[in-house]
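For reference, the structure discussed in these notes is given below.
The values are calculated or read from the model by the stated rules, or taken from the named source; none is laboratory data. Everything numeric in this text was worked out from a predicted model, so none of it was measured. Here the Cβ positions follow ideal geometry from the backbone for every residue, glycine too, while neighbour counts run over all protein chains shown. These accessible areas exclude ligands, DNA and RNA; they are computed on the full protein's heavy atoms, side chains included. Shrake-Rupley method; radii C 1.70, N 1.55, O 1.52, S 1.80 Å.
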Amino acid sequence: MGMALTVTPLFRSSIVATTTATRRPCLRRPQFFFAQRKSNINSQRLFTRRTVCGVSCSLVQVEDGVNDEACELVNGVELTIGEGNDSIQAYLCTAVKNNNETGVLVLSDLFGFEDSSTRDFAYRVACNGYNVLVPDLFRGDPWGKDRPKTMFEQWMARQDSQRVAKDIATATEWMVDEFMAAGISKKLGIIGFCFGGGQVIEVLAQDQGTRFGIGVSFYGTRIDQSLASNIKVPVLFISGDNDPLCQVSIIKDIEKRIGRGSRTDIFEGRGHAFAHRPGSPEEDADAEQAFMIMRNWLHDGLVVNN
């Protein structure tokens, strides 16, 4: 049964958002169920959290009867950031208990920011103490699994690269402003899957270490290799050796060009999207390993050395 809790927020705000607090084990392939409220944030400070949604952050299956005091508390809310034609939708999930005062931007694959696999992954990152923002990269028009594949390039052509870059910049500046308002000057982390994994390279090349301190690219697609020399922070690349959309030779070349402690982890026999959309028990195991590699990478780069 839900239980109302009162917590001290990381950020101060004039907006109040409430959810129903629940506690439940987070299994290997979590399906989170929580109440949500939509909030139009615009230029106002982030909401004050009065109640929260609790989930377990365990990376292995949790048995019934687990001590729920060990569970991390995470709050999720829908946002509108910006004003007018420049406004974008986003999803924010924040760790309330043991918040490490660190922000992470998550860039989705082609299925968009509302996709359950992307939100589940963002929740797991937040479970480890982070404040995670997932912006809508497609302005309400993500690729749909039921669309004919013959329509893909036509759909892709509508996703103007400059508009996408501007929306990512809007989300980034919003996070930076929120942390600055709270007196926190830590750099952000950035994670991307597939399309978003390719965007990680674009963003970091443009940022050059100003806003972001570390990056993670999961099987990035349509990557511009020439941008690698402009990246000033370490990047973790995770992919499978059976992924036709993300060639191992390309990401290893990019890793080498970036340097700065970057690394590449290749999973044998794995195809595209295995880490956030595992489709078998075998992929589950590799997805868990990939998550732990990423978790340690974020912790060392953002929490320990930030």
With θ set to phi - 60°, apply the Karplus curve 6.51 cos²θ - 1.76 cosθ + 1.60 along the stretch 105-120 and write out the HN-Hα couplings as whole Hz, x wherever there is a Gly or Pro. 9, 10, 9, 6, 7, 5, 7, x, 6, 8, 4, 5, 5, 5, 5, 4
Using the Karplus equation 6.51 cos²θ - 1.76 cosθ + 1.60 (θ = phi - 60°), what ³J(HN,Hα) coupling, rounded to whole Hz, does each residue of the stretch 187-196 give in order, writing x for Gly and Pro? 6, 8, x, 9, 10, x, 10, 6, 3, x
How long is the gain from Glu153 to Lys186 if the chain were fully straight, where each residue apart is worth 0.36 nm and the alpha carbon distance is subtracted? 8.0 nm
From the alpha carbon gyration tensor of the stretch 208-289, can you work out the equivalent ellipsoid semi-axes (sqrt of 5 times each eigenvalue) and give them in Å, largest to smallest? 24, 13, 10
Multiply the residue gap between Thr210 and Lys145 by 0.36 nm, knock off their C-alpha separation, and tell me the result in nm, one decimal place. 19.8 nm
In a shell of Cβ-Cβ distance under 9 Å around Gly269, excluding Gly269 itself, what net charge do Lys and Arg (+1) and Asp and Glu (-1) give? -3
Cα-Cα over 29 Å, subset of Lys145/Lys232; Lys145/Lys187; Lys97/Lys256; Lys166/Lys187: Lys145/Lys232; Lys145/Lys187; Lys97/Lys256
If I take R0 = 25 Å and measure r between the Cβ atoms of Ala165 and Glu114 in this structure, what FRET efficiency does the formula 1/(1 + (r/R0)^6) give, to the nearest 0.05? 0.75
Can you give me the accessible area per residue for the stretch 186-231, using a 1.4 Å probe, in Å²? 30
Per residue, how big is the convex hull of the stretch 92-170 when only Cα atoms are used? Give it in Å³. 81
Spin-label model distance (nm) - Glu282 vs Asn230, 7 Å beyond Cα toward Cβ: 4.0
Once phi is turned into θ = phi - 60°, what whole-Hz ³J(HN,Hα) does the Karplus curve with 6.51, -1.76 and 1.60 give for every residue of the stretch 159-167, x standing for Gly and Pro? 8, 4, 5, 5, 5, 4, 4, 5, 5
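Let's test the formula: R0 of 25 Å, r as the Cβ-Cβ distance of Asn296 and Val248. What FRET efficiency results, to the nearest 0.05?
0.70
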